[in-house]
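Below is one structure; the comments refer to it alone.
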Amino acid sequence: MARFERRSSDTDPGFTTASLPDIVFMLLIFFMVSTVLREQDIKVRTELPQAEALTKIDQKRLISKIHIGPLKKGENEGETAIQIEDALIENRKAIRNIMYNKIQEQPKLIASLKVDVGSEMDVVNEVQQELRQAGALRINYSSNRENPPQ
Amino acid sequence: MAGLLEDRRQDREDAEVPTAGLADIAFLLLIFFLVTTTINVDTGIGMTLPPMLEDQEPPPVKDRNLLKVLVNSQGNLLVEEEEARIGQLRERVKRHVTNYGDNPDLAVSPSKAVISIKTDAKTPYDTYIEVLDEVWMAYREIWDQIARTGQTPQGDAVDLDQTYSSYQEYYNTLEPGDDNKIRDAFGAQISIAEPDSDE
């Protein structure tokens, strides 16, 4: 008994930090997996509209973003342009081929339309017709949550 | 002999790789990823476009089941050929879809009711989203009511295991692949009319 007491008083005070790297690595791996390092270089201005009846798209890999808005040209605004991924779309009839290829790879694709609030419906309708031609029928009008009235 | 044994033990402890710095390295990386991470969820109004019809005509919809909403280039609204304000739209939609055949001008049943939104080429996009949002919110409010009471507006029971404070709360309990019983009981048909092709 006496020997037991003596030994316990001998132990080094302070807690062990040996498992600290394990905990930190676990957190690190979580953030590494959830990080999106590079956002696309968006060449058009897309100020999203506000809405109430929103749905969340949890599966990020299903999303294909289509940006529609005025070209960013310094201070002044350029003409309305369409950007899919990194490329500006010159010929709007090309959208159906691009989206058709995407829908072949991912049949459950959701086309997320990021349309600037200042846009007019003709360009949106045109893109929608192209999406119908491509068979990419699931769309999502990307919008932000409306601020509740103060 | 005992002294030799102690020496060897001492040697072995010294030969260990020091791991104290590992935590520092890991923390450094952790802080970098913490700062660069954006956990943003895409939100928006989901729609399903109608498939491209080759030759066949779209299925006919009886006029009474159809609620026509037109938005012109100034953002003014025409609901069933009458001028209306966006604020009135939600009530109009709710009245239309929960009619259950009472009023001969409104829809026969929710499953037959169709809300048709037609825009002009010059309609501002935010007005269109506002209109679409109001129509969806009309359905949301009906779904909220179903989630709270477990009944459709007509009084039919919806087989929910419990009642929820809102449709969103019910929706959050669904796993991918589950049937959305509220939407099965009270579906939404919103049609984006094809633009006139005379341009």
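For the range A:50-145, I need the span (max minus min coordinate) of the C-alpha atoms along each principal axis, in Å, sorted largest to smallest.
On the principal axes, the range A:50-145 reaches 39, 33, 22 Å in Cα extent.
If you roll a 1.4 Å probe over the protein assembly as shown with all protein chains in place, what percent of the accessible area is carbon or sulfur?
Carbon and sulfur: 50 percent of the exposed surface of the protein assembly as shown.
Could you list, in their original order, any pairs among B:112/B:181; A:108/B:122; A:56/A:114; A:65/B:122; B:94/B:118 whose Cα atoms are separated by more than 21 Å?
Pairs exceeding the cut-off: A:108/B:122; A:65/B:122.
Could you work out the helix-only [θ] at 222 nm for the protein assembly as shown, with each DSSP H run of four or more residues adding -39,500 (n - 2.57) and the total divided by the number of residues, to the nearest 500 deg cm²/dmol?
-11500 deg cm²/dmol
Relative contact order for chain B: what percent, with Cα pairs under 8 Å and sequence separation of 6 or more?
Relative contact order for chain B comes out at 18 percent.
Have a look at the DSSP beta bridges in the range B:63-192 and tell me what percent are antiparallel, nearest 5.
Antiparallel bridges make up about 45 percent of those DSSP assigns within the range B:63-192.
Output the direction-averaged projected area (hull surface divided by four) of the convex hull of the alpha-carbon atoms of the range B:63-192, in nm².
Its Cα hull, projected and averaged over all orientations, spans 8.5 nm².
For the protein assembly as shown, what ratio Rg/Rh do Cα atoms give with a Kirkwood hydrodynamic radius?
That ratio is 1.19, to two decimals.
Give the relative contact order (percent, whole number) for the range A:23-142; include only Cα pairs under 8 Å separated by 6+ residues.
28 percent
Roughly how much accessible area, to the nearest 100 Å², goes out of reach of solvent when A and B pair up, both sides summed, probe 1.4 Å?
About 4500 Å² of accessible surface is lost on pairing.
Once whole DSSP H runs in chain B are found, which of them have Cα atoms spread over 27 Å or more along the helix axis and a mean Kyte-Doolittle score of at least -1.0?
Qualifying helices: B:125-149.
Over the protein assembly as shown, give the accessible area per residue in Å² for a 1.4 Å probe, as an integer.
63 Å²
Note down the relative contact order for the range B:46-127 as a percent, whole number, built from C-alpha pairs under 8 angstrom at least six residues apart.
36 percent
Please list, in order along the range A:15-31, the HN-Hα scalar couplings obtained from phi with the Karplus expression 6.51 cos²θ - 1.76 cosθ + 1.60 (θ = phi - 60°), rounded to whole Hz, x for Gly and Pro.
Result, rounded to whole Hz: 8, 7, 9, 5, 8, 4, x, 4, 5, 5, 5, 4, 4, 4, 5, 4, 6.
The values are calculated or read from the model by the stated rules, or taken from the named source; none is laboratory data. What you see is a predicted model; the values in this text were computed from it and never measured. Please note that ligands, DNA and RNA were not included when accessible areas were found on the heavy atoms of the full protein model with its side chains. Shrake-Rupley method; radii C 1.70, N 1.55, O 1.52, S 1.80 Å.
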